[in-house]
Each structure stands twice: as structure tokens, then as C-alpha cells.
Amino acid sequence: MIYNIPLALLSSYPDENVVVRSSDPRALVKAALEDSSGRVKSVQLLSPGKKAEDLRDLPLSTPVDLCLTDAHSDKGILPMWRKLLEGRAVRLVVPVVAGFGHLVKEALRADLRVRLRIDQPDDDSVRELEDCFVFFIREADVKEPVDFFYGLFRSFLTKRVESLWQIQEEHPASNCYVTDAGEATLSERLAQAEHGPDLATFLANHKLNLFVRREECCTCRFFKHCEGYFKLPRDGYACSGIKEFLELVWDAATELRADLSQAPVASRARH
């Protein structure tokens, strides 16, 4: 289990594996440097702005997420972040809100890995998702992955089922989000969701309820990958748009699988 915790609660989790978040980069560096047990698995800098340069003293072995609050950050700062944090595992965490697509593309052009923070996208955001995915999969100069695109595409390509809950680091069996008030919950996007006394059973109960209510999940061919991910946090979300996006990813994976099947054996082995 990995706990995503605010820096102020680090001492309350002395034996657990943690992801530590804070808007104070120097405090994050201090926490990582003082971690002798290896339990700090990564750090998250909230609202990084130009403060990311203060992460230069972070141990090279410590991954870092630069967590944006909107999609309108200064694009010109992205290459600077990449240069300052060179040699570290860096992800730019981008919320899927209006206009996020341009930031994703600029991040990829700057060789920054991207993680999308998504819940229930509207039609415009789905169109941006599709545009970003095509850019990610077709643009020759893209060197870094986009999470969740990469995990979902890999799952479709290999036919090994990976749940979006796992891909998005929100699966209750392996991840726990601790609010600033110290409450253990499912994830940041579901911090206000009703989860009952046992987080471990939440996902099973959620899936069962979807079928009891005869939601569209009952006939969705992507359900084993999604497991009702897009049916939260708000009731009544219609998945028609996001299913079109999933079809796009499925088709791209099917196309590549067909291409690989026709490649010479030696060439497939190299891949």
C-alpha cells in the first residue's frame, strides 16, 4: 500500500510507503534527503510555478510530480523545468479541463512525461483527449509517455487487462489518499465520495451497484478495463463520449498489433 500524504503528516506514517505532497519544494527536498529507509517513493510539488527550481537538490532517485491546478500555466517554463530536473523521473500532472491539450503537447515537446488527472470529462474535453492521444501516438518526436494513455494502450495492445484504477494510481488495494485533515480516502478526485468503513471493499461494492442499477456498464465491452472509473464522482454521467475515446485507443492498439504480427520474427524480438 502506498499512502499519498501531506508533508505535515509524514511523521504519522513512520513505517508506510508514502508519496509526499507539498507546495514547499525545499521542505520536500529535506524530507527526501532525511529518508534513510526508502519509504518516500516520490514527491509531489503542488502549484509549482517557478518554484520547481528549488527541487534541484532532490536525490536523483526520487521521482517528482509537478502538479498543476489548471491548464493555463506558462508553457515557456516547461523546458526550464526539464533542464533543471534533468536526470530525475519527472511527471507533469495536468488536469483534464478546457484547454489542457496545448499544455500536454508542449510538455511532450519538452520531453516531459505527463500524467492526466481526469474524472468525468465533458464532450469538449473528450475531443481534446482524442486530439492529444493522436499526437502522442503519431508524433515521431514524442519520447515520453502520457499516463493514462500509455497504460490503456499497452493493456489493449497486449490483451492483458489493466484497470484504469491501477493505471491512475487510485486502486484501493494499492493506493490510499490522505486528505490535509488526515482522513484516509480513495483518491484526490474522490475525497468527498461516500466509501463506507472499509476502503478495501469500495471498488467491489461500486461495481456491484452499477450492475444492480443496470447502468450502461452492463453492456460495455470496456468495463473490465474501466471498472466503473468514469461513473464517479457524480451519479448519472453518460459515457458515450468517453467510450468513443476508448474505441480510438482500441483501434490504434489493434492496428499496431496487426502490424507487429506481420513483421519478421527477428524484428518482433527486438521490440
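The values are calculated or read from the model by the stated rules, or taken from the named source; none is laboratory data. Predicted model, so just to flag it, every value in this text is computed and none were measured. So basically every Cβ, Gly included, is an ideal-geometry build from the backbone, and we count neighbours across all protein chains shown.
Of note:
- Filtering ILE137, ILE167 for residues that are β-branched (Val, Ile, Thr) and over 20 Å from PRO233 (Cβ atoms) leaves a single hit, ILE137.
- Contact map, region 50-63: residues that are within 17 Å of GLU34 (Cα to Cα) paired with residues that are part of a loop (DSSP other than H, G, I, E, B), Cβ distance under 6 Å, separation 6+ or inter-chain. Pairs shown: LEU60/GLY87; LEU60/ARG88; PRO63/ALA89.
- All conditions but one from (1) in contact (Cβ under 8 Å) with a residue 40 or more places away in the chain; (2) in contact with a Phe, Trp or Tyr (Cβ under 6 Å, 6 or more places away or on another chain) apply to THR185; the one that does not is (1).
- If the condition is being of a type outside the set (Phe, Trp, Tyr), under 27 Å from HIS195 (Cβ atoms) and over 19 Å from the mean Cα position of the chain (by Cα), then region 219-239 contributes THR219, CYS220, ARG234, ASP235, GLY236, ALA238, CYS239.
- Selection from region 85-105 of residues that are loosely packed, with under 15 Cβ neighbours inside 10 Å and within 17 Å of LEU60 (Cα to Cα): GLU86, GLY87, ALA89
- Highlighted here would be strands (runs of 3 or more DSSP E) found entirely within region 1-91 that include at least 3 residues which are at pLDDT below 90 and farther than 17 Å from LEU108 by Cα, but there are none.
- Matching residues in region 191-208 - criterion: being assigned to a loop (DSSP other than H, G, I, E, B) and either surrounded by 17 or more Cβ atoms within 10 Å (Cβ to Cβ) or touching a residue at least 40 places away in the same chain (Cβ under 8 Å) (or both): GLN192, ALA193, HIS195
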